[in-house]
1. So what are the three principal axis dimensions of region 183-326 from its Cα atoms, in whole Å, longest to shortest?
2. Report the local net charge at R95: Lys and Arg +1, Asp and Glu -1, summed over other residues whose C-beta lies under 13 Å from its C-beta.
3. Which length gain, in nm to one decimal place, applies between T289 and L425 when the Cα-Cα distance is subtracted from 0.36 nm times their residue separation?
4. Roll a 1.4 angstrom probe over the protein heavy atoms and tell me the percent of accessible area of the chain that is carbon or sulfur.
5. Roughly what % antiparallel, to the nearest 5, for the DSSP beta bridges in the chain?
6. Show me the ranking of peptides 142-149, 301-308 by mean Cβ neighbours inside 10 Å, starting with the highest.
7. Give the Rg (one decimal place) followed by the Dmax (whole number) of region 221-269, computed from C-alpha coordinates and expressed in Å.
8. Given the peptides 150-163, 426-439, arrange them by the average over their residues of other C-beta atoms within 10 Å, most packed first.
Amino acid sequence: LTGSKDSVSPVTCQPSGEARLLVQGLRDAVPYIREHEGHVFVIAFGGEALDQPAAFERLIRDIVLIADLGARLVLVPGTRPQINRRLSEAGFSERFHHGLRVTEPGMIAPLTEAVGAVQFDVISWLSARLSLASGSGLAQRVLTGNFVTARPMGVIDGVDLGHTGAVRRVDVDGVRDALGDGSIVVQTNLGFSPTGELFNLRAEEVAESMAVALGADKLIFLTDPLEDLPTAMSLDDVERLLERSDEDALSTEFRLHLQSAVRACSRGVDRIHLVDRDVDGALLVELYTRDGCGTLITSEPYERIRPATPDDIGGILALLEPMEQAGVLVRRSREQLELETDRFVVIDRDGDIIACAALYPFPAERTAELAALVVHPAYRGGGRAARLLAYMENRARSLGLESIFLLSTQTTAFFREKGFADERLDNLPAERRAFYNLKRNSRIFRKWL
Ligand SMILES: CC(C)(COP(=O)(O)OP(=O)(O)OC[C@H]1O[C@@H](n2cnc3c(N)ncnc32)[C@H](O)[C@@H]1OP(=O)(O)O)[C@@H](O)C(=O)NCCC(=O)NCCS
């Protein structure tokens with residue numbers, strides 16, 4: 001700089017549209033990053049994923065990022081298409097019994113070649129990304145080992161399945177030690193018996209057993225899902241889908257993933273995610289945003305925040321009325337609620353409305369009033385009001401508003417803790433001031449977004 005300091009024009013920091021999106025994205029993601037830190041996720045994908053190198057490279061990049069952000073990852077690659085190809089090159093014809101491959105002793109060599117090649121491919125993709133991360137994150141290395149002990153399936157209906165096996169035991173301590181060291185564990189579908197015999201396992205069963213034995217927080221299938229799957233499904237929903245879809249409707253890969261999801265869920269894995277492996281960034285969106293973009297299978301009652309519809313009016317009234325009678329909230333008639341339904345959002349717990357809130361924008365003043373924030377007494381203390389508040393703040397931001405204000409008589413400390421500060425009546429939009437009820441003597445709060 002040659003000019004004097006005085007001649008340098010001041011820098012104004014007005015983030016561009018793209019930068020604003022980034023800021024919003026970070027604000028949304030950080031709570032999930034914290035929530036997932038130290039949690040164990042088992043991620044399974046079919047060998048089909050490796051047949052799409054460009055999409056697979058993006059997946060590996062995202063997987064390493066997730067590990068770098070502190071989640072503990074076990075990857076279970078499937079190898080079915082690779083095994084099929086290698087066996088056919090070696091002149092073997094496929095033989096299945098009750099959906100299980102008959103693995104003859106002569107198949108072991110081509111089988112280990114196929115599985116070994118997938119294992120080394122996955123390790124090599126991961127290593128390349130980990131070295132790019134340059135050791136700055138939490139994930140450091142890739143580890144694989146004899147974590148799964150197998151047993152033979154034996155003879156079923158007179159048919160000897162040979163080296164086709166089932167999972168007998170998972171070395172939970174071994175896997176946990178590896179994860180605790182910052183390693184990403186890769187576990188293929190080969191298992192060993194205590195006498196060193198090698199068995200061909202189903203990758204889905206390996207993933208499922210790993211998730212159950214480790215008490216994993218999530219089992220994630222990167223898969224080839226049906227279009228238009230709902231964002232959440234119960235076990236019954238998945239079983240119905242499997243029953244009513246004929247062979248052609250679901251890919252073999254997806255069907256196996258669904259079947260495995262049902263078993264894992266019934267064996268105690270609470271959250272199973274189905275994520276489209278071909279959609280760039282889908283895994284990150286599923287894990288680090290509120291709405292996600294995959295399908296969650298859970299045996300827990302499913303809760304979600306969503307805009308209210310006219311069908312919710314009864315549920316909203318049932319929440320508001322006791323609060324209105326207690327003088328905590330101002331009374332709203334059913335008619336008024338019918339006119340204002342689109343201002344409301346609700347928390348729907350398996351069809352029951354257990355919380356609600358409303359947002360009334362004043363676009364000219366670039367602000368909005370938050371009102372009618374109620375959580376059913378049986379569900380208080382679980383962070384639901386905080387989630388509704390965050391949802392409404394996002395809604396206000398997306399409307400281009402700069403602040404949210406509210407009136408409260410009995411919940412002042414709660415809002416202060418959430419970043420609201422005292423505000424004066426004079427500073428409210430004139431239209432709202434006109435309706436201020438002096439008798440209620442409510443405190444006014446505002447939060448700048
Ligand atoms: C206020 C209310 C919405 C909070 O719902 P919630 O789901 O329990 O809220 P969260 O779980 O997100 O937050 C709970 C925290 O808020 C605190 N809190 C709840 N009500 C409070 C109040 N009236 N004053 C101060 N703090 C309060 C809790 O002590 C808890 O704090 P902690 O986490 O440190 O223990 C709920 O108590 C309610 O419906 N109250 C009646 C209606 C009402 O007052 N609405 C606000 C006026 S618009």
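1. Ordered largest first, region 183-326 gives principal extents of 73, 36, 30 Å.
2. Working: positive: R101; negative: E94, E104, D160.
It works out to a net charge of -2.
3. On the way: separation 136, 0.36 × 136 = 48.96 nm, distance 3.61 nm.
Stretched out fully, the T289 to L425 stretch lengthens by 45.3 nm.
4. Numbers: 11190 of 22440 Å².
Roughly 50 percent of what the probe reaches on the chain is carbon or sulfur.
5. Numbers: 41 of 70 bridges.
The antiparallel proportion sits near 60 percent.
6. Working: 142-149: 18.6, 301-308: 15.9.
The most tightly packed comes first, giving 142-149, 301-308.
7. Values for region 221-269 (Cα only, Rg and Dmax): 10.4, 30 Å.
8. Details: 150-163: 15.9, 426-439: 11.4.
Peptide ranking by packing, descending: 150-163, 426-439.
The values are calculated or read from the model by the stated rules, or taken from the named source; none is laboratory data. Every value quoted in this text rests on a predicted model; they were computed, and no experiment measured them. Glycine gets a Cβ as well: all are built from the backbone with ideal geometry, and neighbour counts include every protein chain shown. Side chains included, ligands, DNA and RNA excluded: accessible areas come from the protein's heavy atoms. Shrake-Rupley method; radii C 1.70, N 1.55, O 1.52, S 1.80 Å.
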